[in-house]
Amino acid sequence: MNAQTTENSPKIKRETKNKIRVEFERTSLLTRLRLRFLTGNALGKALWWIFRFILLLGISYVILMPFYSKIASSFMSREDFVDVTVKLIPKYPTLDTYKAIIEENNYFQALLNTTLLSLLCAVLQTFVCSLIGYGFAKYKFKASKFLFLLVILTMIIPHKTLHLSLLMKFRYFDIGVGKWGLFNLLGGGMIESFRVLNFTSINLINSYWPLVILSVTGLGFKNGLYIFMMRQFFRGVPDELEESAYIDGYGPFRTFFKIIIPISIPMMITVFLFAFSWQWTDNFYTSVFFNQQGPKLLPDIIKIPKSLDTSYAGKTLYEAAIRNTCGLMIITPLIVVYLFCQKFLVQGIERSGIVG
Amino acid sequence: MTKAAAAKKAAPQKPRRIASLDKKKSRAGWLFVLPFVIGFLVIYLPIIIDSIKYSFVELRTLSGGTGYRTIFVGLQNYQEALGGDPHFVRILISGIRQLIFDIPAIVIFSLFMAVLLNKKMFGRAAFRAIFFIPVILSTGLIAGIDASNAVNEYMESGGGIDTGAGTANQIVSMADFSWLFRNMQVGTELLTYVTNIANNIYGIINRSGVQMLIFLAGLQSISPAIYESCSIDGATGWETFWKITFPMISPMILVNTIYTVIDSFTSESNSVMAYIDQVYSSGTGNVVATAMSWIYFIIVIAITALLAALISAYVFYQKRD
């Protein structure tokens, strides 16, 4: 041992009989700071941090800016759209646009109808998709792979392809294919003398039934994706949970309701959030299944209210702003839902571990 | 005597019990997926069959709206779609080319963003919340409103960032890029591609929300122990990404590529879909529109199968036990 090491090594002092005190010689603050911050590594890290932060900030700007411009333009009055100096901040703020939309476009009625429809569909879809996903994840039966392929197929076929046939199916609703439908047979469509019912098909257009039927059978909008997500989630749930439930005398369904559902709440909230918001902003199914005579839904409120109809100089801009305000009023309730459920979104997806 | 008979009875029963448990389980499995099976057989299959049938017929509603009559016309609708319609083939080709250009952009962007958002950093929760807004809010109706949005364009005029309002404002103009790449012997095709992506950043961000979520989930499932041993061995972040993260995330790349293809060719903003919709709502064109969408469907299925085959040859699966 040379002198250098002894000098730097901790000094041990005996304070009392049973107690010692160790004194370290600390590196001076300046040296520590220099070693920490004045190296290439730290510089690179700081640059990377700044770059990353600016990048994320920029992309956040791209996402949020359209929302801001919608909000700003919704408060602008007619004069603001002609004035070239007015941008982003309204000069003569007004609530006329909101008032006109609420009164003339029946906003609250549409809101109520859509809330009912979306809640109904989302609850049904979440429940049914977790049921189906659980069946695919935990049970091996002969056709399970083939059936899962069919689920993927329902996801792949664009619903536009089925536009006409969806409309026809639910306009002349019948159980079965073509002439061989149940109602057609009972209603005398096949044999004139054999007539039990006085109709050959049911018109389900303009009711909630088509969407309810599609939801209950796991065929609704993007339900294939939900089934896939739930299946991946349930695959990650350890089998021991169910085995111990079986040993305690539970059947498969009781196990599902008592054991599996409580632990899969975050995932189910994620699916619910998707189902709810995609149903909320959906305009394909609502345009297929509802027409002018049907209940008013949110897509119907996107039109220019009569009192705001204008041949003013800034007409295109003003009308676009009104449409944007309609859009804004449609998504406001969704934003509230999103803020509450947002943390489940990431959590649920993370836990699902959609791997392979 | 009775005991022996009981034993005789019990002996062959034992293997049957085990089989019956299996049977019970498979029956329970069928019960769980029963809603889908019923729905598929009763609703979806007839709808698909009808849809294929409609693409071969002419449709006439009976007077009084009590029913409809179909007249079989063979391949006439397909001929009409491919030959008779002046725009369909052109829009189809340009739409598919756009799709092929968009897929790598979306997948790479969402992977990059997921890697960024996966690191612990200042304001991560807030950024995540902002990044997933488009998944929830910019779909269906809102995308429809945004498709031709004069307000966003106006608000941004002079500012110069794309806000989904069309190509009026460009962040990067072609001239800037060609100046930059003048001496680099890069073809103009690549140049146009890069500028298009930069100018279309809003669309790409909007369409990569779900993919980002899937990538994030995949990143979370990589064991931190692997990263730790990597850093002990002295690997840099760059090396770690290419040697660990990338192979481990490659199954997700497959999933996301397929999801992106499906999502972008069924989305409202897709030009082919918009055109089919336009044909559908124009008078008697609805059967032709059905034929068009089946043609489109077959083409995209072919693309999906090709991409899946191509990528799955390079996918790395971690061995699981």
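Annotations
- Maximal additional length on extending the residue A:45-residue A:11 stretch stands at 8.6 nm, based on 0.36 nm per residue less the C-alpha distance.
- In terms of its C-alpha gyration tensor, the range A:24-87 has a prolate overall shape, because the principal axis ratio a/c (a ≥ b ≥ c, square roots of the eigenvalues) is not below 1.5 and a/b outweighs b/c.
- Relative to the globular-protein estimate of 2.2 N^0.38 Å, the Cα radius of gyration of the range B:196-321 stands at 1.44.
- Residue-wise HN-Hα couplings along the range A:93-108, as the Karplus relation 6.51 cos²θ - 1.76 cosθ + 1.60 with θ = phi - 60° gives them from phi, are x, 8, 9, 4, 4, 4, 4, 4, 5, 5, 7, 8, 9, 6, 4, 5 Hz; Gly and Pro carry x.
- Legend: residue pairs A:140/B:25; A:138/A:258; A:258/B:23, Cα-Cα distance threshold 19 Å; pairs beyond threshold, A:258/B:23.
- Taking θ as phi - 60° and the Karplus parameters 6.51, -1.76 and 1.60, the scalar couplings of the range A:271-286 work out to 4, 4, 4, 4, 4, 5, 6, 6, 5, 4, 9, 5, 10, 7, 5, 5 Hz in sequence order, x denoting glycine and proline.
- Least to most buried among A:48, B:30 (fewest other Cβ within 10 Å first): A:48, B:30
- Residue order, fewest to most beta carbons within 10 Å, for B:32, A:284, A:253: A:253, A:284, B:32
- Point-to-point label distance, residue A:263-residue B:58, nm (Cα→Cβ direction, 7 Å offset): 6.2 nm
- Residue order, fewest to most beta carbons within 10 Å, for B:191, B:219: B:191, B:219
- Between residue A:34 and residue A:253, the contour length at 0.36 nm per residue exceeds the alpha carbon distance by 72.4 nm.
- 3J(HN,Hα) couplings calculated from phi for the range A:130-143 with the Karplus curve 6.51 cos²θ - 1.76 cosθ + 1.60 (θ = phi - 60°) are, in sequence order, 5, 4, 5, x, 5, x, 6, 7, 10, 10, 9, 9, 3, 8 Hz; Gly and Pro show x.
- Using the Cβ-Cβ distance between residue A:99 and residue A:206 with R0 = 30 Å, the FRET efficiency computed as 1/(1 + (r/R0)^6) comes to roughly 0.55.
- Cα-based shape type of the range A:105-301, given that a ≥ b ≥ c are square roots of the gyration tensor eigenvalues and the cut on a/c is 1.5: oblate
Read the figures in this text as sums done on the coordinates, not as results from a lab. This structure is a prediction, so every number in the text was calculated from the model and none was measured. Note that we place each Cβ from the backbone using ideal geometry, even for glycine, and neighbour counts take in every protein chain shown.
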